[in-house]
Amino acid sequence: MKGGDEEVAAPAGPPQPLDWKFSQVFGERTAGEEIQEEVYSELWKTKESLARIFLRKDSVENKVDIISAIEFDKTGDHLATGDRGGRVVLFERTDAKDHGLSRRDLERTDYPISRHPEFRYKTEFQSHEPEFDYLKSLEIEEKINKIRWCQTANSALFLLSANDKTIKFWKVQEKKIKKFSKIIADPSKAVGNGNVASSSNSNSPKSFLANGVSPDRSCNHLGNDISFPPGGLPSLCLPVGRSPGFLKANEIEYLAFYIILLHHLIQRCTSRHYAAYTVTSQETNLVARCRRVYGHAHDYHINSISNNSDGETFISADDLRINLWNLEISNQSFNIVDLKPANMEDLTEVITSAEFHPAHCNMLAYSSSKGSIRLIDLRQSALCDSHAKLFEEPEAPGSRSFFTEIIASISDIKFAKDGRYILSRDYMTLKHAALSRRLYVPFNPGFRYLSTYSLWDINMDSGPVATFQVHEYLRPKLCDLYENDSIFDKFECCLSGDGLRVATGSYSNLFRVFGCAPGSTEATTLEASKNPMWRQVQTPSRPSRSLNSITRVVRRETLGVDANGNSLDFTTKLLHLAWHPTENLIACVAANSLYMYYA
């Protein structure tokens with residue numbers, strides 16, 4: 001109570017855990033079915049359409065139909081996937097326009113029509129082809145590493161797709177295509193202007209026109225646009241000693257007519273039939289056209305591309321460099337970060353991921369293999385080797401081992417939609433950190449506090465806001481993971497549109513959803529299958545020096561997996577997933593299958 005009259009509302013608690021349900025699957029394989037390599041496979045199936053993806057002959061190690069990239073556009077109405085075969089497949093949302101009710105009918109209904117998002121196949125195109133660098137004797141795979149949507153214009157879709165060396169800017173637009181049918185007519189059944197002849201055995205003598213041309217059935221009517229004038233054609237006689245430039249107007253007309261007549265006569269001599277074309281139907285098809293190719297700017301494999309909020313530029317990052325591009329200029333880029341030392345033996349870390357701030361065009365972040373995240377400001381200098389802010393979590397005393405640096409490498413970073421939070425994923429954990437509302441610029445002494453962009457909170461240098469243990473039970477098995485190279489797997493992460501939840505993948509086609517709101521204990525494990533829900537067993541989180549640190553371990557009881565993960569299948573891993581920007585819908589990838597779940 002306040003003053004005896006007003007009630008103070010109790011602070012709202014953390015949101016309730018979501019109840020996830022299966023929505024759709026595209027390209028699901030049956031049990032024991034191998035991924036197709038040498039035959040035509042039907043991968044994307046929906047109720048409305050079927051996309052046939054033609055697979056060429058490849059080795060067993062290079063299974064081209066495995067999905068390697070996934071991305072929603074900003075509206076959530078379109079979804080793009082890329083695979084190891086260099087193909088990009090687009091899906092479009094259909095549930096918003098399939099209910100079939102008018103606005104008046106919707107206003108009269110007593111209950112709201114709530115449907116979860118549904119997608120269907122839209123189109124596909126071949127984005128990249130395999131190449132060979134003859135100077136370096138290096139084969140360049142066509143595998144799509146990253147896909148990013150660009151701003152739409154005039155109902156056309158624009159997106160960027162990248163393989164190891166080349167980035168392409170694509171425009172996908174509807175085009176009206178007319179279909180023509182060929183009509184072959186037999187001139188023996190028509191005379192004059194198309195009238196049917198009374199008899200083909202007429203004994204009447206032939207008559208000749210004034211110029212000597214016989215009006216028989218093969219020459220009398222040459223088409224709807226060419227016919228003999230009444231009385232025939234007058235003879236054309238050029239005056240002696242006059243050049244064609246001095247011809248009279250009527251003589252030029254007759255000369256042009258004789259040329260056209262000669263052309264039709266030659267056609268008639270070669271065939272007794274003549275053809276006409278007519279429009280039978282008009283269809284609207286989607287056509288993908290490559291507008292720009294951004295290449296020859298990276299010596300190492302491209303691991304990230306990110307669009308700028310200004311809609312004009314984007315960045316591309318490899319192991320040692322980050323380049324800034326203009327969408328309209330493909331033959332020039334600016335190097336803004338360069339970690340390559342003069343002596344490669346002095347190299348201590350590489351770039352693993354880079355991302356533009358969602359609202360401020362001058363700010364971006366990139367992560368490194370040492371587990372640190374650096375924020376840079378493009379206004380600081382042309383070459384941003386010195387960061388504006390460094391975020392890293394100090395190593396716990398006595399915890400260092402041979403695998404410490406390997407598992408500390410950050411594989412993916414994502415900004416929240418509002419730009420206040422950033423999410424990072426390393427091999428073992430998912431970390432959630434906050435950006436400061438009070439904007440501090442340490443490198444510019446002339447401006448202490450600005451209102452144009454956000455940096456990391458200077459009070460949060462010691463650690464992230466929250467840490468989620470994804471598969472802590474694998475720590476005793478790091479030696480085995482190192483032997484089979486699973487320890488080098490790069491898992492992606494994503495945030496919900498409201499910023500209250502985060503998600504990431506794991507082994508056995510599992511993925512985790514955690515609540516990151518203050519006080520939330522939500523930790524859900526789902527499997528990429530038609531029956532995603534499994535019984536979760538939560539273990540109490542141990543105290544951590546990080547603020548609001550949460551430790552969660554999830555056990556999958558159905559397959560007899562204990563806390564040490566003895567029965568996990570390391571060959572089936574869920575590396576790529578994306579969260580719908582406005583609704584609780586997650587699209588995740590398991591090999592060549594695309595699964596969608598809603599809550």
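The values are calculated or read from the model by the stated rules, or taken from the named source; none is laboratory data. Every value quoted in this text rests on a predicted model; they were computed, and no experiment measured them. All Cβ positions, glycine included, derive from the backbone under ideal geometry; neighbour counts span all protein chains shown. Please note that ligands, DNA and RNA were not included when accessible areas were found on the heavy atoms of the full protein model with its side chains. Shrake-Rupley method; radii C 1.70, N 1.55, O 1.52, S 1.80 Å.
Data for the structure
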item	result
Kirkwood Rh and Cα Rg combined as Rg/Rh, the range 282-360	1.11
Counting all C-alpha pairs of the range 347-400, share separated by more than 14 Å (%)	59
Long pairs among 63/370; 340/490; 146/431, criterion Cα-Cα beyond 29 Å	63/370
Per residue solvent-accessible surface (Å²) - the range 469-534, probe of 1.4 Å	34
Cross-link table 171/389; 143/530; 417/477, entries beyond 30 Å C-alpha to C-alpha	171/389; 417/477
In order through the range 72-80: 3J(HN,Hα) via Karplus (6.51 cos²θ - 1.76 cosθ + 1.60), integer Hz, x for Gly, Pro	7, 7, 5, 7, x, 8, 9, 10, 10
Candidate residues 479, 361: accessible-area rank, largest first, probe 1.4 Å	479, 361
Ranked packing of 285-298, 137-150, most packed first, by mean Cβ within 10 Å	137-150, 285-298
Area accessible to solvent at residue 401, 1.4 Å probe radius, in Å²	60
Highest to lowest packing among 125-135, 80-90, scored as the average C-beta count within 10 Å	80-90, 125-135
